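First the structure, in the form of structure tokens, and then the observations on it.
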Amino acid sequence: MTKPAAKKSSAKPSVTDLRGNAGELQQQAGGSHPAMTTQQGIPVPDNQNSLKAYERGPSLLEDFILREKITHFDHERIPERIVHARGTGAHGYFELSQSLAKYTTAQVLTETGKKVPIFVRFSTVAGGAGSVDTPRDVRGFAIKFYTDEGNWDLVGNNVPVFFIQDAMKFPDLVHAVKMEPDRGFPQAASAHDTFWDFISLMPESMHMVMWIMSDRTIPRSLRTIEGFGVHSFRLINAQGDSTFVKFHWRPELGIQSTVWDEALALQAADNDFHRRDLFEALEAGQAPAWELSVQLFTEEQASKLPYDHLDPTKIIPEEIVPLQKIGRFVLNRWPDNFFAETEQVAFCPANVPPGIDFSNDPLLQGRLFSYLDTQLSRLGGPNFAQIPINAPKCPFAHHQRDGHMQMQVPKGRVAYEPSSLQPDSPRASLAQGSRSFAEAAVGSKGRVRPESFADHYSQARMFFRSQSVLEQAHITSALVFELSKVQTPHVRSAVVSQLRVIDEELGQRVAKGLGLSPVPDAVQPAVPVQDLPVSPATRIIDRMKPTLEGRCVAILVDEGSNAESVAAMRKALEAAKASVKLIAPRLGGIRLSDGKEAAIDGQLAGSPSAQFDAVASIIPLESGKKLAKQAAAQNWFRDAFGHLKAIAACKGTHAILDAAGVKPDAGVVDPSDTKAFVKAAVSRIWEREPTLRSLA
Ligand code: HDD
């Protein structure tokens, strides 16, 4: 609790109270503030100086204000998540449009039109909490639905498969991908020996490897990633019947990725690129939304598939079991406090309301244990569900008591069941409670892996062959990049031996990119590789939505830029729903041709073009000549061109394009033709790519 506002004193701080300059400057800033207190509510007289025995003397141990402040500070950090440490969260709601009442009793999947509050946390996997937003990495996409029947956590990723088939391998996988333990690097990167050593010896990871080497793992924005629940779950209806379900969610803005060179540039330009993008979108009232869909199938349908749906390294292509849209969710509010919400939120795939149940996927089974366990150490004890972001929003009642950081003050004598002393004490309810599917269990106990999990290459091949020519080239180049960072030759060779089984041409191209001669032999797969029908739905380039909604376009201006042209360009871009930023060689004092000072959003050298989806430039001839000599200006256009972006270049800009070695193509237009620019800017200029890079 805060104390009532202190009386404002007009007196200057005296020499003896020594609040010094900070206090004085703060007073000048004005405002009416509550009086600062300690945690115990004791008013603090001076927040600048510790208590001293005398002027220039030692500080005193009795200074309870100093000790409390420093002690709290010393304990401000909690252990970061072992994986998914770097995250960004937002509040929103989910609205069901199509009831699944035939399949489940879960109200969240049967009550249409109701807005269920949600909290989403996006994350990278490998990097620490302070690492960058744009490495090549899987993105975590965890959703907490605060339903009327308790919290439902859908803890997914933006890739629909996983590296391993059994939770037993998870610590090995994570140890392999994290920074190497002897040297403490690389941070937030899979391009190193231990990761690829592990992968080369784990053929089950090959399908996932194809996905992570694709452009899905270098997204443009958190607002443009897809999400997948990965595992099969079960839906249970009132009769106790079970239907398998896989969850998928797709951004209404369409999927969007960067190109690799751009992702690298972003790591230097803005470590917080994705976090800032979401923050700015929510601040501007642009609430991103996703469609939630399901794939529903029976045990019998599943038994006819040429792979096992309980194996998390497999998908069921949507061409085989179509997606059914059941609702949408919207993110519309940035958290009030990053630590209290985004950092302390605790997800657990075991949190499911009645009507949703688990499958026997051995990876899921391990996850059901791991998350609760990790929260105990990360959040410090068994009462973390009382932290507001984790607490259910529906009534809850149990007999769990005490423990570290207990926040509740339960009343009464009864903390057990059965009891007769307190009629309002909670009791289990067979009618309302969660029920597991009554699956008949037969077989022999053992550390076994089913035969149906033995095929590690067919879906990897299916994925690779489903991709467009450009996407295949990106995957190949990504593999060459990653393996070129591996220092141990036999590890590079071992990966190529695996790739040759997926697709001979892929293996040969990667071997060539690495300069491997002779090309290592292909490994012998345990079971014959099947040529499955391709799944075009796994591509992304031709599924990207041609739109400027959710995108940001920069206009470069300078002293004397034509004000009318700048206004017309802004108007056209904003009409197409783009966010617009004015960039200039300096922040202040840029007067356009109308004599008015423009409000500049970013300084040229500090706002690399990698941060924007397209760039326009409206500058006088003289300014173009001057800027053509500056590396920042040259890089701005060279990168925009190299990252396949549309460019609106006025006459003055051509000097810079020349200096940057940019040869204008169809994606470079004159800013006077705002229509042509908007048309070019809604997508990348993919046809430019082969002219720029020799793709592996
Ligand atoms: Fe996990 C965090 C997603 C396999 C153990 N996982 C975590 C988060 C996401 C996922 C999105 C971050 C949640 C947040 O934002 O707080 N994990 C997945 C997916 C998997 C998966 C989609 C496979 C399909 N995970 C997996 C396995 C295990 C774990 C097999 C262990 C057996 N995951 C954890 C964890 C984390 C975690 C160590 C770290 C922090 C946390 O849980 O709360 O328990």
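Relative to the 2.2 N^0.38 Å rule of thumb, the stretch 216-356 has a C-alpha radius of gyration ratio of 1.27.
Between the stretch 394-454 and the stretch 597-615, the alpha-carbon centres lie 55 Å apart.
Residues whose amide H falls under 5 Å from that of Ala129, counting only those 5 or more places apart or on a different chain, are absent, with hydrogens built in the peptide plane. A straight line joining the Cα centroids of the stretch 649-696 and the stretch 518-591 runs 13 Å. Of Gly652, Cys348, Gln422, whose Cα points farthest to the positive end of the dipole of the chain (charges on the beta-carbon: +1 Lys, Arg; -1 Asp, Glu; origin at the Cα centre)? Of the candidates, Gly652 comes out farthest on the positive side. Anisotropy class assigned to the stretch 456-542 is oblate, per the alpha carbon gyration tensor with a/c at or over the 1.5 cut-off and a/b no larger than b/c.
Each Lys or Arg adds one and each Asp or Glu takes one away; over the other residues whose Cβ falls under 14 Å from the Cβ of Phe437, this sums to -3. Per-residue packing, averaged as other Cβ atoms within 10 Å, sorts the ranges 126-139, 432-445, 386-399 into the order 126-139, 386-399, 432-445, beginning with the highest.
Relative to one another, the C-alpha centroids of the stretch 264-294 and the stretch 145-173 are positioned 22 Å apart.
For the stretch 220-226, backbone phi angles converted through the Karplus equation (6.51, -1.76, 1.60; θ = phi - 60°) give residue-by-residue couplings of 6, 7, 5, 6, 10, 10, 8 Hz, Gly and Pro being listed as x. A simple rule links phi to the HN-Hα coupling: the Karplus curve 6.51 cos²θ - 1.76 cosθ + 1.60 with θ = phi - 60°, which for the stretch 34-40 gives x, 5, 6, 10, 7, 4, 8 Hz, with x for Gly and Pro.
Output the relative contact order of the chain, whole-number percent, from Cα pairs under 8 angstrom with separation of 6+ residues. The normalised contact order for the chain reaches 11 percent. Considering the options Ile118, Gln295, Gly150, tell which one lies farthest towards the positive end of the dipole of the chain, charges being +1 on Lys and Arg and -1 on Asp and Glu at the Cβ, about the Cα centre. The residue sitting most towards the positive pole is Ile118. If you plug each phi of the stretch 516-525 into the Karplus form 6.51 cos²θ - 1.76 cosθ + 1.60 with θ = phi - 60°, what whole-Hz ³J(HN,Hα) values come out, in order, with x for Gly and Pro? Using θ = phi - 60°, the values come out as 8, 9, x, 5, x, 4, 6, 6, 9, x Hz. Across the cross-link table entries Lys144/Lys393; Lys626/Lys651; Lys596/Lys625; Lys169/Lys485; Lys581/Lys663, which are compared at the Cα atoms, the separations over 18 Å belong to Lys596/Lys625; Lys169/Lys485; Lys581/Lys663. In the chain, the convex hull through the Cα atoms has an average projected area of 39.5 nm², a quarter of its surface area.
Remark on Lys577: its backbone amide H falls under 5 Å from none of the residues 5 or more positions apart or on other chains, H modelled at 1.01 Å from N.
Across all directions, the average projected area of the convex hull around the alpha carbons of the stretch 133-249 is 9.4 nm².
Residue separation of Lys577 and Lys102 scaled by 0.36 nm, minus their Cα-Cα distance, works out to 167.0 nm of gained length. Quick one: net charge around Gly128, please, counting Lys, Arg +1 and Asp, Glu -1 for every other residue with C-beta under 11 Å from its C-beta. Summing Lys and Arg as +1 and Asp and Glu as -1 gives +2.
For a label point 7 angstrom out from the Cα of Glu564 toward its Cβ, which stretches of the stretch 578-606 have the backbone nitrogen within less than 18 Å? Under cut-off, by backbone N: 592-596. Dividing the summed helix terms, -39500 (n - 2.57) for each DSSP H run of n ≥ 4, by the number of residues in the chain produces a 222 nm estimate of -8000 deg cm²/dmol to the nearest 500. Among beta bridges from DSSP that stay inside the chain, the antiparallel ones total about 80%. Sorted on the mean count of surrounding Cβ atoms within 10 Å across their residues, most packed first, peptides 275-286, 614-625 read 614-625, 275-286.
Dipole size of the chain about its Cα centre, with +1 on Lys/Arg Cβ and -1 on Asp/Glu Cβ: approximately 1040 debye, rounded to the nearest 20. The peptide list 629-639, 496-506, 226-236, put in order of mean Cβ contacts within 10 Å with the highest first, becomes 226-236, 496-506, 629-639.
The alpha-carbon of Lys114 sits under 14 angstrom from the alpha-carbons of these aspartates and glutamates, leaving out residues fewer than 8 places away in its chain: Glu95, Asp148, Glu149.
Note on the stretch 219-310: dipole from Cβ charges, positive end direction compared against Gly285, Phe228, Tyr307; the farthest Cα belongs to Tyr307. Rg and Dmax of the stretch 533-643, based on Cα coordinates, read 16.3, 63 Å.
Throughout, read-outs are computed from the coordinates displayed, never taken from laboratory work. It should be emphasised that the depicted structure is a prediction, and the values quoted were computed from it without experimental measurement. Neighbour counts are summed over all protein chains in view; Cβ atoms, including those assigned to glycine, are modelled from backbone coordinates with ideal geometry.
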